[in-house]
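The values are calculated or read from the model by the stated rules, or taken from the named source; none is laboratory data. Nothing here was measured: the structure is a model prediction, and the numbers come from that model. All Cβ positions, glycine included, derive from the backbone under ideal geometry; neighbour counts span all protein chains shown. For accessibility, only protein heavy atoms count, side chains too; no ligands or nucleic acids. Shrake-Rupley method; radii C 1.70, N 1.55, O 1.52, S 1.80 Å.
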Amino acid sequence: MADIEVDYCVVGAGFAGLTAALRLKQAGQSVALVEARDRIGGRTFTEVREDGSWIDRGGAWIGPGQDRIYALMDEFGVKSYKQYTDGEAMMVVDGKQYRYKGTIPLTMSPWATANLGAVFVELGEMCKTIPLDAPWEAKKAAKWDSISLAKWLGYNTLSTPAHDLLETAIAGCYTSAASEVSMLFVLYQMASGGGPSFVLGVKDAAEDARPVGGMGAVYRPMAAEIGDALHLSQPVRDIAQDGDGVTVRSADLAVRARRAIVAVPLAIASQIVYEPLLPMDRSFLHQRMPSGAVMKIAVVYDEPFWRAAGLSGQSAAPDSPATVTIDASTDTGRPGVLCVIVEGPIARKLGTLPEAERRKAVLGELTARFGSKAASPVDYIEQNWSVERYSGGGMLSHAPTGVLTQFGRALRKPCGRIHWAGTESSSVMCGWVDGAIRSGERAAREVTERDGVLSPARAQ
């Protein structure tokens with residue numbers, strides 16, 4: 001077993017851990033960044049194809065207000081490009097297609113459209129009452145944390161088509177059934193991004209733009225600057241702390257440091273043995289914030305043929321094997337890439353099918369929406385995050401009912417010499433790459449301030 005002694009040890013090389021390690025190194029501190037996978041990026045994963053094009057298999061989009069990801073891109077000279085939104089989007093409800101522009105499909109029945117609009121307004125007003133640093137202190141926190149998203153939608157959405165679309169769109173953010181997610185958590189996560197229009201929107205919203213070259217164009221230069229302080233294929237087994245520091249161990253690596261930053265999904269953090277035991281509320285939090293199921297499929301064509309047909313590539317169909325689609329082509333527009341996202345119970349069901357049947361089901365849906373050209377892609381790339389050992393499921397751990405009000409205070413609170421990072425711990429842009437970056441910068445500040453050393457200059 002190799003022994004390493006450094007100032008700080010960071011566990012997990014997703015954007016939270018990469019950022020924490022980078023900022024600490026820039027502040028003159030020695031760091032070991034320990035990652036279980038044989039790659040960096042965590043819940044982002046950019047594949048570069050032989051023709052130089054790239055596919056983001058995980059988190060991909062950025063939007064206004066996400067200042068920390070943009071700052072990091074500026075730092076490493078990574079440009080952005082706007083998401084393609086020209087043309088019409090499509091909703092498929094009960095087998096009927098509705099084409100529209102904007103956020104709400106006005107071509108649906110007036111009753112359904114009015115119901116959708118009213119729910120959007122109500123969600124926005126509710127989000128304004130959530131204290132981002134302490135959502136459990138909201139005036140109606142106890143009430144909202146006692147009911148699920150499914151229950152709230154059942155009370156407030158009277159149109160069946162509107163209900164189905166909202167349940168698909170909102171529950172999809174948490175890659176779980178609406179019955180699994182606390183309404184307080186939904187409001188907190190939406191409020192952290194500025195409200196439902198940002199979370200569920202594309203233009204000027206959560207999917208407004210992408211880094212040129214994908215997320216890998218950002219995380220690769222971060223890793224290069226961290227250099228040989230990065231240790232891959234080292235799943236951390238245990239973390240022991242005492243009065244002088246911490247010892248972080250994998251199968252063949254032992255890192256001694258003043259403090260540790262654990263920057264892995266909550267469900268994965270629960271797989272690490274802590275000595276002494278973590279405080280009860282933090283330990284219970286690990287048990288109570290799971291991830292959900294999500295499959296992200298890149299369907300590649302010679303060109304984005306849907307654009308010539310007046311379509312944006314955006315579509316949604318509740319309970320479909322291709323629940324959501326979006327144009328995921330690169331900045332050059334060639335090749336054409338349709339990203340298919342399937343979440344929650346439908347993703348679990350789809351994942352049980354043989355690969356050939358999954359492909360047939362997805363391409364059948366795309367053909368029904370976009371025409372015969374959709375049936376013959378040049379490539380078909382699946383990423384099933386549900387079975388990623390070191391992700392634990394979807395892109396965001398969620399809180400079921402009762403969890404935030406009981407255990408939310410433990411989300412960011414250090415446990416002795418163990419500190420926490422990860423997008424779930426960010427009070428701003430919780431659930432996005434930007435939130436992960438913010439959490440990494442916060443954790444880097446925390447450890448240096450506790451030790452009375454120079455705080456990372458670039459962290460804000």
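At a 1.4 Å probe, what is the % contribution of carbon and sulfur to the accessible area of the chain? If you can, show how the numbers build up before the last one.
Numbers: 9080 of 18020 Å².
Carbon plus sulfur share of accessible area: 50 percent.
Which order do peptides 329-339, 189-199, 278-288 fall in by mean Cβ count within 10 Å, highest first?
On the way: 329-339: 19.3, 189-199: 23.2, 278-288: 17.4.
In descending order of packing, they fall as 189-199, 329-339, 278-288.
Here is the link list: 96/140; 82/128; 82/139; 25/139; 151/373; 82/151. Which ones come out longer than 31 Å on Cα distance? Mind showing how you got there, number by number?
On the way: 96/140 39 Å; 82/128 28 Å; 82/139 38 Å; 25/139 42 Å; 151/373 41 Å; 82/151 36 Å.
Too far apart for the 31 Å limit: 96/140; 82/139; 25/139; 151/373; 82/151.
Compute the length gained on full extension between residue 252 and residue 389: take 0.36 nm times their separation in residues and subtract their Cα-Cα distance, giving the result in nm to one decimal.
On the way: separation 137, 0.36 × 137 = 49.32 nm, distance 1.93 nm.
Gain on stretching residue 252 to residue 389: 47.4 nm.
Is the shape of the range 84-233 best called rounded, prolate or oblate, per the rule: a/c under 1.5 gives rounded, else a/b larger than b/c gives prolate, else oblate, with a ≥ b ≥ c the square roots of the Cα gyration tensor eigenvalues?
Numbers: a/c = 2.30, a/b = 1.34, b/c = 1.72.
Since a/c reaches 1.5 but b/c is at least a/b, the shape of the range 84-233 is classed as oblate.
Considering Cα pairs under 8 angstrom that are at least six residues apart, work out the relative contact order of the chain and quote it in whole percent.
Values: 1003 pairs, mean separation 114.2, N = 460.
Worked out over the chain, it gives 25 percent.
Would you mind getting the Kirkwood hydrodynamic radius of the range 388-442 from its Cα pairs, rounded to one decimal in Å? Display every interim value, and only then the final one.
Working: mean 1/r = 0.0827 Å⁻¹.
Computed over Cα pairs of the range 388-442, the Kirkwood hydrodynamic radius comes out at 12.1 Å.
Can you show me the helix-derived [θ] at 222 nm for the chain, built from DSSP H runs with n ≥ 4 at -39,500 (n - 2.57) apiece and divided by the number of residues, rounded to the nearest 500. List each step's numbers first, then the result.
On the way: 16 runs with 156 residues, N = 460.
It comes out at -10000 deg cm²/dmol, rounded to the nearest 500.
For the range 293-340, what is the largest minus smallest coordinate of the Cα atoms on each principal axis, given in angstrom and ordered from greatest to least?
31, 21, 14
If only Cα atoms are counted, what is the Rg of the range 410-460, and what is its Dmax, in Å?
Rg and Dmax of the range 410-460, Cα atoms, are 10.8, 31 Å.
Under the 0.36 nm per residue contour assumption, what length would be gained going from the current alpha-carbon distance of residue 360 and residue 67 to full extension?
Working: separation 293, 0.36 × 293 = 105.48 nm, distance 4.04 nm.
Computed gain between residue 360 and residue 67 is 101.4 nm.
Work out, step by step, the length gained on full extension between residue 381 and residue 240: first 0.36 nm times the residue separation, then minus their alpha carbon distance; give nm to one decimal. List each step's numbers first, then the result.
Values: separation 141, 0.36 × 141 = 50.76 nm, distance 4.05 nm.
Roughly 46.7 nm would be gained on extension.
For the pair residue 4/residue 155, report the inter-label distance in nm, with labels modelled 7 Å from Cα in the Cβ direction.
Roughly 5.0 nm, to one decimal.
What number do you get for the range 121-204 when its Cα radius of gyration is normalised by 2.2 N^0.38 Å, N = residues? Mind showing how you got there, number by number?
Values: Rg = 12.1 Å, N = 84, 2.2 N^0.38 = 11.8 Å.
So the Cα radius of gyration is 1.02 times the expected 2.2 N^0.38 Å.
What whole-number volume per residue, in cubic angstrom, does the convex hull of the C-alpha atoms of the range 350-460 give? All intermediate terms of the calculation are to be shown ahead of the outcome.
Values: hull volume 21.0 nm³, N = 111.
That works out to 189 Å³ per residue.
Got the relative contact order for the range 44-143 handy, in percent, Cα pairs under 8 Å and 6 or more residues apart? Please list the in-between numbers first.
Details: 60 pairs, mean separation 9.3, N = 100.
About 9 percent, as a whole number.
Could you work out the percent of alpha carbon pairs in the range 331-390 separated by over 13 Å, rounded to a whole number? Intermediate results must be reported in sequence, preceding the final value.
On the way: 1199 of 1770 pairs.
Tail fraction, whole percent: 68.
Have a look at the range 286-413 and give its Rg and Dmax from the Cα atoms, expressed in angstrom.
17.2, 54
Taking the alpha-carbon set of the range 179-222, what are its Rg and Dmax in Å?
14.2, 41
Evaluate Rg over Rh across the range 165-259, taking Cα atoms for both radii and Kirkwood's formula for Rh.
On the way: Rg = 20.1 Å, Rh = 17.6 Å.
Rg divided by Rh gives 1.14.
I need the Debye-formula profile for the range 135-180: one equal scatterer per C-alpha, no solvent, reported as log10 I(q)/I(0) at q = 0.23, 0.29, 0.33 1/Å, two decimals.
Log10 of I(q)/I(0), two decimals: -0.83, -1.02, -1.11.
Starting from the 7 Å offset along Cα-to-Cβ, what nm value, one decimal, do you get for the label separation of residue 453 and residue 97?
5.9 nm
Give me the mean projected area, in nm² to one decimal, of the convex hull enclosing the Cα positions of the range 217-304.
Numbers: hull surface 37.0 nm².
Average projection, Cα convex hull of the range 217-304: 9.2 nm².
Cα centroid distance between the range 216-241 and the range 317-344, in Å?
Spelled out, the Cα-based centre of one part sits 30 Å from the other.
Calculate the spin-label point distance for residue 409 paired with residue 30, positioning each point 7 Å from the Cα along the beta-carbon direction, and give it in nanometres.
3.8 nm
Which value, to two decimals, describes the C-alpha radius of gyration of the chain once divided by 2.2 N^0.38 Å?
Rounded to two decimals, the normalised Rg is 0.96.
Kirkwood hydrodynamic radius, the range 221-263, all distinct C-alpha pairs: what's the number in Å? Numbers along the way, then the final one.
Values: mean 1/r = 0.0869 Å⁻¹.
That comes to 11.5 Å for the range 221-263.
Can you tell me which of 200-207, 390-397 comes out highest on packing, and rank the rest after it, using the mean Cβ neighbours within 10 Å? Don't jump to the answer; show the numbers that get you there.
Numbers: 200-207: 19.5, 390-397: 23.6.
In descending order of packing, they fall as 390-397, 200-207.
Compute log10 of I(q)/I(0) for the range 1-146 with the Debye formula, placing one identical point scatterer on every Cα and leaving out solvent, at q = 0.14, 0.15, 0.16, 0.21 Å⁻¹, to two decimals.
Relative scattering, expressed as log10 I(q)/I(0), comes to -1.09, -1.14, -1.17, -1.25.
In a Debye calculation with equal point scatterers on the alpha-carbon sites of the range 1-84 and no solvent, what is log10 I(q)/I(0) at q = 0.14 Å⁻¹?
Result of the Debye calculation: -0.63.
In square angstrom, what is the accessible area per residue of the chain with a 1.4 angstrom probe? If you can, show how the numbers build up before the last one.
Numbers: 18020 Å² over 460 residues.
Result: 39 Å² of accessible area for each residue.
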